[in-house]
Amino acid sequence: MRVFILKPDAIGDFILASGCIRFIAREAGEENLVLAVRSDVAQLARSQFPKALVLPLTLREKRRILNVTTVNILHSLPSWLKMLGLRVDAALCLRSMRAYLHTIWFYTPRAKRRIACQNLLLARPRVRRPAVENFVTRFFQPTLLPYPAPGKLPTDIEANRSVASEFLGREISDAEILPSLILPEPVPRSDRWLLCPFSSSLNKDYPAEKWAAALQILAPECGDSPLHLAAGPSQQEQLAAFAQILREAGIQNLVIDPPKPLSDFLKSIAAARLVLTVDTAAAHMACALGSPAVIASAGHHPGVYAPYSPNGLQHWIMPPPKLRKGEWREHTTPEILANAVRQILAP
């Protein structure tokens, strides 16, 4: 059974869908999967699903001279041409906020069935979007499922469950749908702490001074354990400034990790005694690998992407709803952060 899966999202969103993709790979055969993902996710997708065909999609978010959709089509043309030649038994879309280009890619392969949740962008549609959606729906006759209401798991995971359940015709358990990453060989747990302080958005980052205050409180728990700092290639200067603030606060045993490929960074997450981070890809990696973690979340889109914990060793610090922009940092005090760490380390 040949299956096309469209997931043109960032690294954290792909990891959030990894359990669903792995479940479908077990049911349909990994060698029968075609995964269309962002180009910066392609290496991770290939390492996790080596038997699948991975089609990288180059996506820019901002306009550069030409219309952004036109630019993205041109950059992703080789993968799009491969989609045009695909014949599959089912096309599944694991993105529920579909721009025009996502819609084009979803309907490009020839498929006997097409399954997705309803497009959430129709809630505040542009003038042409309803017309485009109505046209492709009438022409291709996909199965469009209601986007799930808030429940036990984040709604994006529940949306993946709905699509997979409709495709396979049976109910799917929590364990089968929760994020899941696999390493090629076991990684022994070390005594190091790993702090990943930056996300792709500044309004999700927690202040360095407050990280330092929390670490001062946690000095007895940390002891002589090295504290590794990690960030992306474009964040190295920012990371050096962050490390300097920690040193000035008296935090010892700091190690700045060089940028690593995603496959090696996964090993760092798996080896850490504790992962400290914000709402970013590192948080979802820790959950998918079962690593102990404390995540200081800004609370954006509560219940959509977080909180969740596959084995109870990941603590998401979620602020109360309806706080004004930036107020979550005042609510999430260093004391709250330190207490969450103690709860995770206690077992």
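The values are calculated or read from the model by the stated rules, or taken from the named source; none is laboratory data. All values derive from a computational prediction rather than experimental measurement. Here the Cβ is made from the backbone with ideal geometry for all residues, glycine too, and neighbour counts use every protein chain on show.
Results, tabulated for the structure shown:
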item	result
Residues (surrounded by fewer than 13 Cβ atoms within 10 Å (Cβ to Cβ) and not hydrophobic (A, V, I, L, M, F, W, C)) located in segment 237-251	Glu237, Gln244, Arg247, Glu248, Gly250
Any strands (runs of 3 or more DSSP E) falling wholly within segment 110-209 and containing at least 3 residues that are among the aliphatic types (A, V, I, L, M) and surrounded by 13 or more Cβ atoms within 10 Å (Cβ to Cβ)	110-117
Of all residues making up segment 210-221, the number that are outside any helix (DSSP H, G or I) and either touching an Asp or Glu at 6+ places or on another chain (Cβ under 9 Å) or not assigned by TED's automatic domain parsing to the domain that holds Ala241 (or both)	0
Number of positions in segment 73-107 that are more than 25 Å from the chain's Cα centre (by Cα) and in a loop (DSSP other than H, G, I, E, B)	2
Per-region count, segment 158-210, residues among the charged types (D, E, K, R), within 18 Å of the chain's Cα centre (by Cα) and within 21 Å of Gln48 (Cβ to Cβ)	3
Single residue of Lys267, Lys325 found to be of a type in the set (Lys, Arg) and farther than 24 Å from Ser47 by Cα	Lys325
Long-range neighbours under 7 Å by Cβ, at least six apart or interchain, first residue modelled with pLDDT under 95 within segment 135-163, second polar (S, T, N, Q)	Val136/Thr103
Residue check for Gly303: among the small types (Gly, Ala, Ser), within 21 Å of Pro154 (Cβ to Cβ) and surrounded by fewer than 21 Cβ atoms within 10 Å (Cβ to Cβ)	yes
Unique match (being surrounded by fewer than 21 Cβ atoms within 10 Å (Cβ to Cβ), out of contact with any strand residue (DSSP E or B) (no Cβ under 6 Å at 6 or more places or on another chain) and touching a residue at least 12 places away in the same chain (Cβ under 8 Å)) among Pro261, Pro226	Pro261
